[in-house]
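In what follows, a single structure is set out as structure tokens and then discussed.
The values are calculated or read from the model by the stated rules, or taken from the named source; none is laboratory data. Just so it is clear, the model here is predicted, and its values are computed rather than measured. Counting neighbours? That spans all protein chains shown, and the Cβs are built from the backbone with ideal geometry, glycine included. Keep in mind that these areas ignore ligands, DNA and RNA; they rest on the heavy atoms of the full protein, side chains included. Shrake-Rupley method; radii C 1.70, N 1.55, O 1.52, S 1.80 Å.
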Amino acid sequence: QIKLVESGGGLVQPGGSLRLSCAASGKNSLIDTMGWYRQVPGKERELVAIESDTGRTKFGDSVKGRVTISRDNTKDTAYLELNGLKAEDTGVYFCNVFSASTIYWGQGTQVTVSS
């Protein structure tokens, strides 16, 4: 059973940047993908960014050009950086891991973009 611990988030001013991290522990198999989704009130959970164990990445349309994802496979940790923050980036950001045909979710971290 993989446990995910998220850190980062909080209140950020418009135009600012955020950095989130997600550390996975308890794995017994290779972690295939690590990344982030977010959920805005009243909307479905959407992809922010995800990276495979081979370095392939996929980004959500709403953040393309503003987002960077990286992984430290020695620490089983993924990092997300989102720049040029807008009010519509406000939401709960969830770490997501796919390993051994199982999807794991973190508890989520709130990001609020406001002046």
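With +1 on each Lys and Arg Cβ and -1 on each Asp and Glu Cβ, and nothing else charged, work out how big the dipole of the stretch 11-52 is about its Cα centre, in Debye to the nearest 20.
Numbers: 5 positive and 4 negative charges, 29 e Å.
Rounded to the nearest 20 debye, it is 140 debye.
Carbon and sulfur: what percent of the chain's accessible surface (1.4 Å probe)? List each step's numbers first, then the result.
Details: 2940 of 6220 Å².
Carbon and sulfur together cover 47 percent of it.
Picking from GLY42, GLY16, GLY60, which is most flexible by a Gaussian network model of the chain using Cα springs under 10 Å?
Between GLY42, GLY16, GLY60, it is GLY42 that shows the largest mean-square fluctuation.
If one puts a single equal scatterer on every Cα of the chain and applies the Debye formula without solvent, what log₁₀ I(q)/I(0) results at q = 0.13, 0.15 Å⁻¹?
Log-scaled intensity ratios, in q order: -0.44, -0.59.
Can you tell which of GLY91, GLY26, GLY65 shows the greatest fluctuation in a Gaussian network model of the chain with Cα springs below 10 Å?
GLY26
Under the definition of Cα pairs under 8 Å and six or more residues apart, what whole-number percent is the relative contact order of the chain? Don't skip to the end; give the middle numbers.
On the way: 286 pairs, mean separation 42.0, N = 115.
The value is 37 percent.
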